[in-house]
Amino acid sequence: MAGSVSTVPEDHLVYVQDAWAALPTDRWIEIDEAVRRELQTERLRTGVGFVRLLKEFGPLPDDLSPQMVHGWANGAVKSVRRRHLTAVRRSYRKIPDGCQNTRRPVDGEWERIEVTPVLRRE
């Protein structure tokens, strides 16, 4: 591929061509500061973090993980598959403001029990 080899065994060439053809054809786009701010803003607006987003607000691609989205938002990752970013954006747009807690308190108070020394031993 770099031009340093003029002949190769045919089975090697076929292997490389097949492997190349099997690669995803997704378009990759650069993650700039605007995309990072957008993800951080959506997380703050909704109160829904990346783990919860991927678990509850699909459908999202199976090959997308919360760690990937976190990397986009914090600048550790510089590019993203367009379909992944589109799916995350679409999911965040479905969520209303302040959706952070779907659990509800019992009679206005969270149901809680005291953690006693007896419970600590169990």
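Six or more apart or on different chains, Cβ under 7 Å: which pairs go from a residue in segment 31-46 that's closer than 14 Å to LEU85 by Cα to one that's among the basic types (Lys, Arg)? Could you list them?
Taking only residues 6 or more apart or on different chains, the pairs are ILE31/LYS78.
Residues being under 16 Å from GLU33 (Cβ atoms), among the β-branched types (Val, Ile, Thr) and crowded, with 17+ Cβ neighbours inside 10 Å: count how many of those fall in segment 70-100.
Total satisfying the criteria: 1.
Given the conditions (1) out of contact with any His (no Cβ under 7 Å at 6 or more places or on another chain); (2) modelled with pLDDT under 90; (3) surrounded by 11 or more Cβ atoms within 10 Å (Cβ to Cβ), which single one is not true for ALA2?
So ALA2 meets the others, but not (3).
Tell me, please, whether a residue that is of a type in the set (Val, Ile, Thr) and under 19 Å from CYS99 (Cα atoms) can be found in segment 29-41.
yes
For the condition touching a helix residue (DSSP H, G or I) at 6+ places or on another chain (Cβ under 7 Å), at pLDDT 90 or above and not β-branched (Val, Ile, Thr), what is the one hit in ARG93, ARG27, ARG82, ARG36?
ARG36
Return the residue satisfying two criteria in turn: it lies in segment 25-34 and is open to solvent by 80 Å² or more (accessible area, probe 1.4 Å) and of a type outside the set (Asp, Glu), and of such residues it is farthest from TRP72 (Cα to Cα).
THR25
The values are calculated or read from the model by the stated rules, or taken from the named source; none is laboratory data. All of these numbers come straight from a predicted model, not from anything done at the bench. Glycine also receives a Cβ, built like all others from the backbone with ideal geometry; neighbour counts cover every protein chain displayed. Accessible surface areas use protein heavy atoms only, side chains included; no ligands, DNA or RNA. Shrake-Rupley method; radii C 1.70, N 1.55, O 1.52, S 1.80 Å.
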